[in-house]
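Working notes, beginning with the structure itself.
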Amino acid sequence: MKIIHISDIHLTIPGEEMGGLDPHARLSQALAHVASNHPDAARIIITGDLAHWGEKAAYEALQRALADLRIPVRLLIGNHDNRTTFLSVFKDHPTDRAGFVNHAETLDGHRFIYLDSVGERTHAGHFCEARRAWLQNELSNCERARLFLHHNPMLLGLPASDQIALVESDRPQFRELIAEHSAKIDYIHFGHVHAPIHGCFAGVPFASVPSTGNQSIPDFDEADLLKGAPMAPSYFVLLIHGCDTTIHQMPFTWEGPIVTTGTGWEDWAKPNEAAE
């Protein structure tokens, strides 16, 4: 099974830039690349920060951008999103009983669980008791699971970025829940940090995906300021075989030459040696 993971598209009102870039053009490039190279994907999952300022026109633009895709799309919200405005545009989007944008589906025998980690007027992540109860129920009633959310639920060793991770008051309970069900959770996928970061959390592997916009620059000393630059964007292709996962990072804006090389021993010989 192939899954496309995209994150942090940060759409604006069309015509407005975000961080010196046109986020709509970037999303269009990403989706066109996916459609051309991965039409066999089972899902495109976009893990939040759909709209940079949570504006209705940005969500309407996203709705138009996704309208003709042949691959089913699953949407999550992030800290830049406005839950109420999002749901006013995506009127049929599923929510849990408490109104959070938590939803799930079963693909190839695995429960794909999409989490709402958004708080009110804060860039840090939140996962309250009601959301934990919903997740507990999902995990208790499935055999295999894979989690997607916007915020990193663990600290990443980046002081400034860790200020807007899942808040300290919610982290222990979330970790306990993951640890309790770690034997059945294959992976945790998230965005938010605009960088590819991989590791293991409570016995479960995790991976964050880069943004389609600006990328972050890791700083292990800076405590207050997030650092970023308009470096090349990418998305992830997840290849899932049972409980096994392979993740490929896909650049989609490169327009320069591409060099092809064979795989035989002679194909990598030094030119002057090959001539002899």
Qualifying residue in the range 252-270 (condition: modelled with pLDDT of 95 or more and touching a helix residue (DSSP H, G or I) at 6+ places or on another chain (Cβ under 8 Å)): yes
The one condition in (1) touching a residue at least 24 places away in the same chain (Cβ under 8 Å); (2) among the β-branched types (Val, Ile, Thr); (3) assigned to a helix (DSSP H, G or I) that VAL101 fails to fulfil: (3)
Members of the range 32-46 found to be assigned to a strand (DSSP E or B) and either in contact with a Cys (Cβ under 9 Å, 6 or more places away or on another chain) or of a type in the set (A, V, I, L, M, F, W, C) (or both), listed by number: ILE44, ILE45, ILE46
Residue count, the range 93-147 (criterion: among the charged types (D, E, K, R) and surrounded by fewer than 13 Cβ atoms within 10 Å (Cβ to Cβ)): 6
Residue among VAL193, VAL204 that alone is more than 19 Å from ASP81 (Cα to Cα), of a type outside the set (S, T, N, Q), buried (at least 18 other Cβ atoms within 10 Å of the Cβ) and at pLDDT 95 or above: VAL204
Filter result for ALA51 (of a type in the set (Gly, Ala, Ser), touching a residue at least 24 places away in the same chain (Cβ under 8 Å) and surrounded by fewer than 19 Cβ atoms within 10 Å (Cβ to Cβ)): no
GLN29 vs. criteria of a type in the set (S, T, N, Q) and either part of a strand (DSSP E or B) or under 20 Å from VAL118 (Cβ atoms) (or both): no
Residue list for the range 224-276, filter: in contact with an Asp or Glu (Cβ under 9 Å, 6 or more places away or on another chain) and either among the aliphatic types (A, V, I, L, M) or in a helix (DSSP H, G or I) (or both): LEU225, LEU226, ILE240, ALA274
Residue list for the range 162-195, restricted to those being in contact with a helix residue (DSSP H, G or I) (Cβ under 7 Å, 6 or more places away or on another chain), assigned to a loop (DSSP other than H, G, I, E, B) and under 19 Å from TRP134 (Cα atoms): HIS181
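The values are calculated or read from the model by the stated rules, or taken from the named source; none is laboratory data. Note that this is a predicted model, so its numbers are computed, not measured. Neighbour counts are summed over all protein chains in view; Cβ atoms, including those assigned to glycine, are modelled from backbone coordinates with ideal geometry.
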